[in-house]
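Below is one structure, written out as structure tokens; the observations come after it.
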Amino acid sequence: MIETRWTAQPAGLAGGKPYAVRVFGEAVYVDLGSRGPLVVTLFGDNIREQNSSSRSAHELALVAFGLRRDHEGLDALQRRQGRMELPIEALPLLITFKDVGDPRTIRALTPAEVPSVFGPDVRLRAASIELTDAPLSSSLVKKLPWLSAMTPSTLIGRLEGDRHPTFYAVGFIGDSP
């Protein structure tokens, strides 16, 4: 589970953004058995964001419910509940590892690349988001044990292309509540 907190702030702070956003929780880990893991990180894929598709975790509920990132959208989101489908294109950065025990083997991929990386019978068919009061998840460290020795600012590795020249642990773990 992931929690986001939006806090209004004076327009002159944080580059003129009207909100400060904090993300709590962790990335989503999908175990594909012998094929390896597919991890949905907490921030958007720079390549796909240029096409207005990929979103960071803090924006996913707004996208799913068709709301704008402004005062009205956030107010409306507080009154929403339940599960909504999320466009596959809106998913944050997807990654995998050649060796799950070695963070330096990280590889980024797009939803369209999933079959070529994991096999032709593996596809992303649907994604959804649910507004809930369930507790935050905390099992990612069990799946990626090396993560426990890292802080959010620890450099994990470099990703190919212009996605993110460097990838930090904050892509996996949000702030502590």
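Starting from region 111-127, keep only residues that are touching a residue at least 60 places away in the same chain (Cβ under 8 Å), then list their pairs with residues that are part of a loop (DSSP other than H, G, I, E, B) and basic (Lys, Arg) whose Cβ atoms are within a distance under 9 Å, requiring at least 6 positions of separation or different chains.
VAL114/ARG123
Can you tell me which of ILE156, ILE129, ILE95 is in contact with a Pro (Cβ under 7 Å, 6 or more places away or on another chain), surrounded by 11 or more Cβ atoms within 10 Å (Cβ to Cβ) and outside any loop (DSSP other than H, G, I, E, B)?
Going through ILE156, ILE129, ILE95 in turn, just one is in contact with a Pro (Cβ under 7 Å, 6 or more places away or on another chain), surrounded by 11 or more Cβ atoms within 10 Å (Cβ to Cβ) and outside any loop (DSSP other than H, G, I, E, B): ILE156.
Is it fair to say LEU124 is within 16 Å of GLY36 (Cβ to Cβ) and within 16 Å of the chain's Cα centre (by Cα)?
yes
Name the single residue, out of those in region 78-114 being of a type in the set (Val, Ile, Thr) and out of contact with any helix residue (DSSP H, G or I) (no Cβ under 9 Å at 6 or more places or on another chain), that is farthest from TYR168 (Cα to Cα).
It comes out as VAL114.
When both residues are 6+ apart or on different chains and their Cβ atoms are under 7 Å apart, which pairs have a first residue that lies in region 70-88 and is more than 21 Å from ALA134 (Cα to Cα), and a second that is assigned to a helix (DSSP H, G or I)?
Between residues of region 70-88 that are more than 21 Å from ALA134 (Cα to Cα) and residues that are assigned to a helix (DSSP H, G or I), the close pairs are GLY73/LEU62; ILE88/PRO111.
If I ask for residues that are of a type in the set (S, T, N, Q) and either within 19 Å of PHE167 (Cα to Cα) or outside any helix (DSSP H, G or I) (or both), which ones from region 98-126 would you list?
Within region 98-126, THR105, THR110 meet the criteria.
Taking region 140-153 as the region of interest, how many residues are surrounded by fewer than 11 Cβ atoms within 10 Å (Cβ to Cβ) and charged (D, E, K, R)?
The qualifying residues number 1.
Say we look at region 1-38 and pick out the residues that are of a type in the set (Lys, Arg) and not in a strand (DSSP E or B); which of these is modelled with the highest pLDDT?
Here the residue is ARG35.
The values are calculated or read from the model by the stated rules, or taken from the named source; none is laboratory data. This structure is a prediction, so every number in the text was calculated from the model and none was measured. Using ideal geometry, Cβ is built from the backbone for each residue, glycine included, and neighbour counts are taken over all protein chains shown.
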